[in-house]
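Just below is one structure, and these are the notes that go with it.
The values are calculated or read from the model by the stated rules, or taken from the named source; none is laboratory data. Values in this document were obtained by computation on a predicted structure and should not be read as measured data. Positions of Cβ are backbone-derived with ideal geometry, glycine not excepted, and every protein chain shown enters the neighbour counts. Note: accessible area is taken over every heavy atom of the protein model, side chains too, but ligands, DNA and RNA are not part of it. Shrake-Rupley method; radii C 1.70, N 1.55, O 1.52, S 1.80 Å.
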Amino acid sequence: MKFNRVWISLVMLATIVLTIFAGIYFLDDRRFFVISLLILMQIFIPFAFLYESRKPPARELVMIAVLVAIAVAGRAAFFMLPQFKPVVAVVIISGVALGGEIGFMVGAMTILVSNIFFGQGPWTPWQMLAMGLIGLLAGALFHHRNKSISRVVLAIFGALVTVVVYGGIMNSAGVLMFQPQPTRDMFLFSFMYGLPFDIVHGVATAVFILLMARPILEKIDRIQTKYGDFRRNS
């Protein structure tokens, strides 16, 4: 089962990347909402293949919806502070608590839903991919030891992936979206220009993880203790 899940996840990520590039080069990047919906469908494909053996309970779906709602609300609540938002922190905590696959779903769905309020655009699928990868990484690295992981370690991880993964993907996407013939200098300028914003974003992620990780993880652990581990059959 674990072997199948790894291969399905790799195929899923490859098809998401191909979908993004197909939208840019074949649809002239004008069907961004369609691309976003396609990516969201591709996110659910692994769960469709694994559903028969895993059979996720309804409470797991409710938990995912709640975590997405918290992330969306957090992004809206801090809209006046550019880059200083708790979204990445919530996505990381989701991955740590419930696993990489759910972390990916929470990250991608948070972007799609919150951009309804903040504005959809050709950046939406890139944001979905970047945020989903962060949730996937958090689950892969920390899910099986979430009760022993230090908040400081998690905060450092959050700051790094925010700058490197989210910032790296979005800075690269900015060049690919708006430059018909991108060059190395364009990418370098984009990274340097975006670095101060990425650092603020990374610091915000670390701060919110320090504040939010323990209470959210404890509440999720309490729910799973009372109603059963969501991931027991995976």
Residue within the stretch 166-183 that is part of a helix (DSSP H, G or I), within 15 Å of PRO82 (Cβ to Cβ), open to solvent by 20 Å² or more (accessible area, probe 1.4 Å) and touching a residue at least 12 places away in the same chain (Cβ under 8 Å) present | yes
Of all residues in the stretch 54-64 being open to solvent by 60 Å² or more (accessible area, probe 1.4 Å) and in a helix (DSSP H, G or I), which is modelled with the highest pLDDT?
-> VAL62
Residue in the stretch 107-120 that is of a type in the set (Phe, Trp, Tyr), under 22 Å from THR15 (Cα atoms) and assigned to a helix (DSSP H, G or I) present | no
Count of residues meeting criterion [without any contact (Cβ under 8 Å) to a residue 60 or more places away in the chain and either open to solvent by less than 10 Å² (accessible area, probe 1.4 Å) or assigned to a helix (DSSP H, G or I) (or both)] in the stretch 75-95 | 7
Counting just the residues of the stretch 96-116 that are more than 11 Å from ALA71 (Cβ to Cβ), of a type in the set (Val, Ile, Thr) and crowded, with 24+ Cβ neighbours inside 10 Å, which one comes out modelled with the lowest pLDDT?
-> ILE102
Assuming VAL161 fulfils every condition listed in (1) more than 21 Å from LEU81 (Cβ to Cβ); (2) surrounded by 16 or more Cβ atoms within 10 Å (Cβ to Cβ); (3) in contact with a Leu (Cβ under 9 Å, 6 or more places away or on another chain) apart from one, which condition is it?
-> (1)
Taking only the stretch 184-199 into account, find how many residues are modelled with pLDDT of 90 or more and open to solvent by less than 60 Å² (accessible area, probe 1.4 Å).
-> 1
Residues that are within 19 Å of PRO125 (Cα to Cα) and of a type in the set (S, T, N, Q), drawn from the stretch 161-189 = THR162, ASN171, SER172, GLN179
